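The structure under discussion appears below in the form of structure tokens.
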Amino acid sequence: MPSPRPLRTSPPRTSTRGGRPTPGARRWSSAAIASPCRSCAGTGATEGGGTNRLLVKGAPNLLLERCTHVKLRDGSVVPLTGQLRRSIEAKTTELAVRPLRCLALAVKEGEDLDSSLVDYHPEADEEEGGEAVARGHPLLSDPSNYRDIESGLTLVGIVGIKDPARPEVADSIQLCSQAGIRIIMITGDARDTAVAIARDVNILTPPLEGGSGDEVKAYEGREFFEKPEEEQLELIKTGNMVFCRAEPADKQKLVKMLQSQGEIPAMTGDGVNDAPALQQASIGIAMGITGTEVAKEAADMILADDNFATIVSAVEEGRCIYANMQAFICFLISCNIGEICAILIATIAGFPEPLTAMHLLWVNLVTDGPPATALGFNPPAPDLMEQLPRPSDEPIMTRWLLTRYCVTGLYVGLATVGVFVGHYLSLGVSLSELSSWSKCDNQWTVGNGLVCEELFQGRGRMLPQTLSLTTLVRRIESHFFCDIFVLPLHNIMFLTLPGLPL
């Protein structure tokens, strides 16, 4: 007997809704007669006898609605009674919670198939690469007829497909939960399958002892969007969620709802239907291996390995970069504020300059630059992924940091000027005399046999300026080493840089 010859009865990836074709509303890879149900697909084939049959695959809960008979193990066909239907649904649920992705298979042949389709044999079309295309048939050319054609089916079996998540996904999602990142799983699977997978990978918590396990935030797309808008917004405010039997348009709706709540949604996808949601999301992430070119063009980031754990690693790296950048900027600002305060205080008080221009240049080139650069290469803090996300509108220099470093800079400036003034006080020069140092020998004279030029000019100013420079550098070094070694202790005022998360 020759092998069956497939007939392509309609374009792939096409379905109907309300009698009109809707491209991309369901997913399949075989050439198919498009069905009004969301996840069904039909294929016509000929056998050696010359008659055609209709082969249909799809979601069990949807395909059972189209079936009137069941083929048993011995090949006999019996009517699909209510008791038999409930038994099939229970078995499907048992497979789904294992979890297995379930696919129902059905057939329509012989007298059940329309008489005009039983012996229909289209000519091979050269434009289709020699493939026999049945769209020329009057019934198949009109999608509104598909509902009648794909009814009265005979169920022949249900397939359970194991598609386990990668082993590192569960730990990665656990890290996301610790970091304050919520996970919303959107899938076309049945609810039981989706919930079981979500529990395996830590998106949903396991059921409690003796609990029914039904009180979980898992909804079918149509079920969720039929709720009042206020209830929808309340449900997506907190916690992880699962959306099953979702359509591509549902993803974009969810992204818009999250953005309206002030959230920063990151959307992952690989198909053409995911492109609108990827473009709408704050961060669109496309798959580099299985992703389509349309999805990659619409996304902001492409995963080279299609691994969810890579996203979590990118979040950690981003937080580390932000923390190091903040440490770099804040360290330089705090050092410069100390230098500015030292010069400003001395100028306002009328004291001699505690630091010259060469001193300031040397401090900036040697003392400020290399330590600040070293702060930019700090490894991630041990608790970096345990911190809550920072607000998206938070500036890199917050009011708290600016206040903190102004106080720190003032302290460094006072210490620098204080050492400079202390040297002159030890020589018997009072503060009032030091503030009018330019009038030495005119309005006042120095005791202890000292000369004004020896105190305020040339070598006389070298020692106090050296003391000021040493104090300034030591304060900067102390601040630098505190930032490095005490960084995880975020709450120690004036000692550490708070590592704010991304």
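Table for the structure above
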{"read-out": "Qualifying residue in the stretch 190-211 (condition: of a type in the set (D, E, K, R), at pLDDT below 85 and out of contact with any strand residue (DSSP E or B) (no Cβ under 6 Å at 6 or more places or on another chain))", "value": "yes"}
{"read-out": "Residue that is most open to solvent (accessible area, probe 1.4 Å), among those in the stretch 78-116 that are among the acidic types (Asp, Glu) and farther than 16 Å from ILE161 by Cα", "value": "GLU111"}
{"read-out": "Which listed residue is over 41 Å from the mean Cα position of the chain (by Cα), more than 30 Å from LYS251 (Cα to Cα), modelled with pLDDT under 50 and not charged (D, E, K, R), from PRO79, PRO2", "value": "PRO2"}
{"read-out": "Helices (runs of 4 or more DSSP H) (entirely within the stretch 143-210) containing at least 1 residues that are touching a residue at least 60 places away in the same chain (Cβ under 8 Å), among the acidic types (Asp, Glu) and crowded, with 19+ Cβ neighbours inside 10 Å", "value": "191-200"}
{"read-out": "Residues of the stretch 337-365 classified as touching a helix residue (DSSP H, G or I) at 6+ places or on another chain (Cβ under 9 Å) and either assigned to a helix (DSSP H, G or I) or open to solvent by less than 30 Å² (accessible area, probe 1.4 Å) (or both), total", "value": "20"}
{"read-out": "Residue in the stretch 384-391 that is surrounded by 15 or more Cβ atoms within 10 Å (Cβ to Cβ), under 29 Å from the mean Cα position of the chain (by Cα) and not in a loop (DSSP other than H, G, I, E, B) present", "value": "yes"}
{"read-out": "Yes/no for ILE285 being within 14 Å of the chain's Cα centre (by Cα) and β-branched (Val, Ile, Thr)", "value": "yes"}
{"read-out": "Residues of the stretch 306-336 satisfying the condition of being open to solvent by less than 60 Å² (accessible area, probe 1.4 Å), more than 30 Å from GLY409 (Cβ to Cβ) and either β-branched (Val, Ile, Thr) or free of Cβ contacts under 8 Å to residues at least 40 places away in the same chain (or both)", "value": "ASP306, THR310, ILE311, VAL312, ALA314, VAL315"}
{"read-out": "Spans of helices (runs of 4 or more DSSP H) in the stretch 221-304 with at least 2 residues surrounded by fewer than 16 Cβ atoms within 10 Å (Cβ to Cβ)", "value": "221-225, 229-235, 248-260, 293-298"}
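The values are calculated or read from the model by the stated rules, or taken from the named source; none is laboratory data. Everything numeric here is computed off the predicted structure, so don't read it as measured data. Neighbour counts run over all protein chains shown; Cβ positions are idealised from the backbone, glycine included. Ligands, DNA and RNA are excluded from the accessible area calculation, which covers all protein heavy atoms including side chains. Shrake-Rupley method; radii C 1.70, N 1.55, O 1.52, S 1.80 Å.
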